[in-house]
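Undergrad: This structure is in structure tokens; I'll ask about it shortly.
We did not get these values from a lab; they are worked out from the coordinates using the rules stated. These numbers were taken from a predicted model, which means no experiment stands behind them. Ideal geometry is used to build each Cβ from the backbone, glycine not excepted, and the neighbour counts take in all protein chains shown.
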């Protein structure tokens, strides 16, 4: 089994219906024409950034979802340090989004 076949077998079949549709539309608004969701693109960028090509897509996407929720919680915290970490986490997610080119 070659590398591309091994990676192709790890694709997700998740579909959260309307949430997935909104995420795909948002991704298209950002200029991505691949019909992926925002979190899928960030997950692929995360795998590229940390050279995790063998990680399953669903696991990478779960890490991204956790990071999104954590950044939201941190940004809403009363602590300035928490807000700073939230901004840094959002910046890391944005960089992973960009690294999926």
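Undergrad: What order do you get for 67, 77 when you list them from fewest to most C-beta neighbours inside 10 Å? Don't skip to the end; give the middle numbers.
TA: Numbers: 67 18, 77 13.
So the residues, fewest neighbours to most, are 77, 67.
Undergrad: How many nm is it between the label spots at residue 95 and residue 77, if each spot is 7 Å from the Cα in line with the beta carbon?
TA: Placing both labels 7 Å along Cα→Cβ, they lie 1.9 nm apart.
Undergrad: Taking the C-alpha atoms of the stretch 19-101, how large are the radius of gyration and the largest Cα-Cα span, Dmax, in Å?
TA: In Å, with Rg to one decimal and Dmax whole: 13.2, 39.
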